[in-house]
Amino acid sequence: MMKKLWMILLALSAAMTLSAITGDVNGDGEVSIADVNAIIDVILGNSTDADVIAAADVNADSEVTISDVNAVNDIILSGSDDEITPKEIALDYSALDEGSETIPDDEDADDYDDYVENTNWSTTVYITYDGETATVSGNPNTVVASVSGAHVTITSTCKKVKYVVSGSTSNGSLKFYSSNKFQLLLNGITMTNPTGAAINNQCGKRLYVVLADGTVNTLTDGETYTKVDDEDQRGTIFSEGQILLSGSGSLNVYSVGKNCIASDDYVFVRPGNQLYLNSTSGHGIKGKDYVHIAGSVINMEISADGGKGINTDSLVYVTGGRTTIINSGAVAIDETDTTSCAGVKADYYFIMTAGTLNIKCTGAGGKGVNVNQDFTFKGGELNVVTTGANTDAAPKGVKVDQNASFSGGSFYSCALNAKALDVNGTLTVADGYSTYTSEKHLVEIAY
C-alpha cells in the first residue's frame, strides 16, 4: 500500500515531465512493446525513474496497474489518438445535382401511391395566415374549416384535396381530421405554434408535403404541448399516417418541444428539397415503420440529450441525396434507462445504396450509426466522426448489434475515444475494394 501511494505521489510531482506522446513511457518518441515492459517494471517496483513512473499512468487514473498495460497495447494495435485527424464534417447547403427522378407509373407497384404526381387533385383549398388571423377559401366542397385566431382545424371526408398554405403567424397551427389522403402544398408559410405541433395530421392516410418551387417555409413547435385526449402530436410536423416530402422549395423545421418531423407510419424524402432541421428537444426525423431518404439536401443540428438525427423503430434506407447531421447532445439518463445520442438509430436494419450521409457527434457517448440488427452498405458515401468522451455510454462510430456487410461505395468512420466500427455479429467485406483500413479508432473501406 505504501509503495502504491509513493508511486502516485511521485507520478504527480513529475507531471510536468510527462512524454508528449500518450503511451510513450520510456520517452523514445514512439509507442512500442518497450513501453509495455517499462510499465511492468514500474508495477514490480523495478523502476525509480520519476519521468517513467509519471508516464506509466497511461489511462490517467492516478495509479499504475495492468490497465495501463492494456491501454498501451490498444495504442500499439490501433494507432495513437494523437495521430488521427478526423475528416471535417460541417453543414453543407451547396447545390446538388440529383439527376432525373423516376416516378413509377405501374399502379400495382408497391410505391406507386407514395408519389403525389400519381393522384389527380380535383379540389383546392387555400389557407392563408396573417398574424393573429387565418382565412380559408377556394373550393372546400365537403371540407369543414374551424378557425380560432390563427389556429385552423380542417375536417374532411372529401377525396383528392390539395391544401395550399401561405402567410405568417407567430401563434397559429394547422390540424387535420380527414378520411382520405391529401396534399399539403407549402407555398411560403412561416408558422409557430407555442402550444403544440405546427402541422398536426390526425388522419392515418398519406400526407403529401410538397414544397412549392422557390419558396422558403419555416415551422416551429412549442416548448409544451397542450394535451388532447386520445391524440398524439409528436413533433413540429406530425402525422398519424405516412409523410411524403417532395417539391423544389426549402423547409426549415425547429423543434423546442418534441421532434422536428414525426410519423406514426413512415417518412419518405424525395429528391429536390432543401431541408434544415433543428431540434433542442428530440429527433430530427422520426418514422415508426421506417425512414427512406431517397434524395434532397438535408442539414440537421440536434442538441437534445439522447436525441437522434434519424430515428426509427424499424428500417433506415438511404438511396440518394446528401444528408448532414451534426449532433452535440449528451447522454440522457433517467431512473430506468440510459440513452445516448446518434446520427442515425435504427431498431432493425440500416441499408445504404447511394447518396451521401455525413454524421458528426460531439457529445459524450454519441454514436454515428447505431443499429440493433444488420448494417448493409452497398454504395454511396458514408462519413462518420465521433469525438465525445467515453462516459456513461461508449461514443462509437458505427455500432451494429448483429451483422455488417460492405460491397460498394465509400465508408469512413472515426471514433476518437472508442471503436470506429463495432460489429457483434459477422463482418463481411466483399472483394474488389481499393482501400480497407481497419484500426480501432479508424476504419475506411472504399470500392
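Descriptive notes on the structure:
- For the stretch 368-412, a residue qualifies if it is part of a loop (DSSP other than H, G, I, E, B) and under 19 Å from Asp347 (Cα atoms), and the qualifying residues are Asn372, Gln373, Asp374, Ala394, Pro395, Lys396, Gly397, Asp401, Gln402, Asn403.
- Hey, His283 more than 23 Å from Val164 (Cα to Cα) and crowded, with 24+ Cβ neighbours inside 10 Å or not: yes
- For the condition at pLDDT 95 or above and aliphatic (A, V, I, L, M), Val331 does not qualify.
- Which numbered condition Glu101 fails, given (1) assigned to a strand (DSSP E or B); (2) in contact (Cβ under 8 Å) with a residue 60 or more places away in the chain; (3) surrounded by fewer than 17 Cβ atoms within 10 Å (Cβ to Cβ): (1)
- Scanning the stretch 351-362 for residues that are under 18 Å from Gly284 (Cα atoms) and surrounded by 24 or more Cβ atoms within 10 Å (Cβ to Cβ) returns Leu357, Asn358, Ile359, Lys360, Cys361.
- For the stretch 151-188, filtering for residues that are within 19 Å of Ala212 (Cβ to Cβ), surrounded by 17 or more Cβ atoms within 10 Å (Cβ to Cβ) and of a type in the set (S, T, N, Q) leaves 4.
- From the list Thr319, Thr323, the one residue that fits, being surrounded by fewer than 19 Cβ atoms within 10 Å (Cβ to Cβ) and of a type in the set (Val, Ile, Thr), is Thr319.
- Output for the stretch 340-350, where each listed residue is more than 9 Å from the chain's Cα centre (by Cα) and crowded, with 18+ Cβ neighbours inside 10 Å: Ser340, Ala346, Tyr349, Phe350
- Test: residue in the stretch 337-344 that is part of a loop (DSSP other than H, G, I, E, B), within 21 Å of Ser255 (Cβ to Cβ) and in contact with a strand residue (DSSP E or B) (Cβ under 6 Å, 6 or more places away or on another chain): yes
- Set side by side, the residues Ala346, Ala420, Ala415, Ala393 differ, and just one is modelled with pLDDT under 95 and within 23 Å of Lys308 (Cα to Cα), which is Ala393.
- Leading residue by the ranking (farthest from Ile40 (Cα to Cα)) among those in the stretch 60-74 that are among the acidic types (Asp, Glu) and part of a loop (DSSP other than H, G, I, E, B): Asp61
- Answer residue from the stretch 286-316, given it is acidic (Asp, Glu) and closer than 16 Å to Ile261 by Cβ and is surrounded by the most Cβ atoms within 10 Å (Cβ to Cβ) among those: Glu301
- Inspection of the stretch 3-13 identifies no residue that is under 25 Å from Lys440 (Cα atoms) and either at pLDDT below 85 or not assigned by TED's automatic domain parsing to the domain that holds Lys440 (or both).
- Scanning the stretch 120-151 for residues that are of a type in the set (A, V, I, L, M) and out of contact with any His (no Cβ under 8 Å at 6 or more places or on another chain) yields Val125, Ile127, Val136, Val143, Val144, Ala145, Val147, Ala150.
- Selected residue (criterion: farthest from the chain's Cα centre (by Cα)) from residues of the stretch 366-393 that are of a type in the set (Ser, Thr, Tyr) and surrounded by fewer than 21 Cβ atoms within 10 Å (Cβ to Cβ): Thr391
- Residues in the stretch 414-428 that are surrounded by fewer than 17 Cβ atoms within 10 Å (Cβ to Cβ) and part of a strand (DSSP E or B): Leu427, Thr428.
- Condition check for Gly329: at positive phi and without any contact (Cβ under 8 Å) to a residue 60 or more places away in the chain: no
- Among all positions in the stretch 254-262, there is at least one residue which is buried (at least 21 other Cβ atoms within 10 Å of the Cβ), over 13 Å from the mean Cα position of the chain (by Cα) and not in a loop (DSSP other than H, G, I, E, B).
The values are calculated or read from the model by the stated rules, or taken from the named source; none is laboratory data. Because the structure is a prediction, the values reported are computed rather than measured. So basically every Cβ, Gly included, is an ideal-geometry build from the backbone, and we count neighbours across all protein chains shown.
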